[in-house]
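Beneath this line is the structure, given in structure tokens, with notes to follow.
Nothing in this text is a laboratory measurement; each read-out follows from the coordinates by a stated rule. Values in this document were obtained by computation on a predicted structure and should not be read as measured data. So basically every Cβ, Gly included, is an ideal-geometry build from the backbone, and we count neighbours across all protein chains shown.
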Amino acid sequence: MGETARPPRFIAVEGTIGVGKTTLTRRLAQTFGCELLLEGAADNPFLERFYREPRHYALQTQLFFLFQRVEQLRAVRQDDLFETVRVSDFMLEKDRLFASLTLDADEFRLYDAIWQRVVDEPPKPDLVIWLHAPVDVLQERIARRGIACEQDIAPDYLAALSDGYARLFAGYRDSPLLVVDAAEIDLVGSDGDYSRLVSLILSHREGRLDLPAGPAPR
């Protein structure tokens, strides 16, 4: 098997709440027979309270996620010698993005001071897949999956997150990037769309590439 026929050792899937990150991450792990690295949102004791009262619980929610994700990614760095292939449904950069939207200026300064102390050269993905979709599509998917605490998420918050991700990836140069319009490209129900993505994962090694809608390669 040639060099480009092997999946990257560390794939990160990113995007706004409800866009399909975890579903795609699980499918890729099954396809490539690699290890899953999933963010533990259900383990955050402040998250449900944050969705109900964002101003009261934003800092606690963000600090819990920061410490949790740093520990998860530390394991990736420690296992580098074993050539383990992993696919993750988060990047550490998302933490600063969410914090910038949910914390006031004083809270963000405190958060940033803690970040500087605990974040020590996190592993860089060998490939990032950014999924994006319009807010109405995100709302429909959030409603359909039926997680109780997510039903209170405001459309304005989803729009702000979507804009934040667009800004993050507009100038992103740290890893090869695949961009997927998850409203137009069906990575769950269409085997053709999914096959095209897998082909690009096996070949894309530099810069940004937008996955176009269209038929599967022959």
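Residues to consider are R96, R109, R144, R117; find the one that is assigned to a helix (DSSP H, G or I), within 26 Å of G207 (Cα to Cα) and without any contact (Cβ under 8 Å) to a residue 60 or more places away in the chain.
Just one listed residue meets the conditions, R96.
Of these, V119, V70, V76, which one is surrounded by fewer than 16 Cβ atoms within 10 Å (Cβ to Cβ) and among the hydrophobic types (A, V, I, L, M, F, W, C)?
V119
Name the one entry in L158, L178, L168, L138 that is farther than 19 Å from A42 by Cβ and touching a strand residue (DSSP E or B) at 6+ places or on another chain (Cβ under 7 Å).
On inspection, the qualifying residue turns out to be L178.
Among the listed residues D210, D163, which satisfies the condition of being touching a strand residue (DSSP E or B) at 6+ places or on another chain (Cβ under 7 Å) and exposed (fewer than 14 other Cβ atoms within 10 Å of the Cβ)?
Exactly one residue qualifies, and that residue is D210.
Which numbered condition in (1) touching a residue at least 24 places away in the same chain (Cβ under 8 Å); (2) under 20 Å from T31 (Cβ atoms); (3) more than 18 Å from the chain's Cα centre (by Cα); (4) part of a helix (DSSP H, G or I) is the only one that R205 fails?
The failed condition is (4).
Among the residues that make up the stretch 175-194, is at least one of them free of Cβ contacts under 8 Å to residues at least 24 places away in the same chain, loosely packed, with under 12 Cβ neighbours inside 10 Å and out of contact with any helix residue (DSSP H, G or I) (no Cβ under 8 Å at 6 or more places or on another chain)?
yes
Residue under question is F90, and the condition is that it be in a helix (DSSP H, G or I) and of a type outside the set (D, E, K, R); does it hold?
No; evaluated as a whole, the condition is false for this residue.
Inside the stretch 36-71, can you point out the residues that are of a type in the set (D, E, K, R), closer than 28 Å to F10 by Cα and in contact (Cβ under 8 Å) with a residue 24 or more places away in the chain?
Answer for the stretch 36-71, where residues must be of a type in the set (D, E, K, R), closer than 28 Å to F10 by Cα and in contact (Cβ under 8 Å) with a residue 24 or more places away in the chain: E39, D43, R69.
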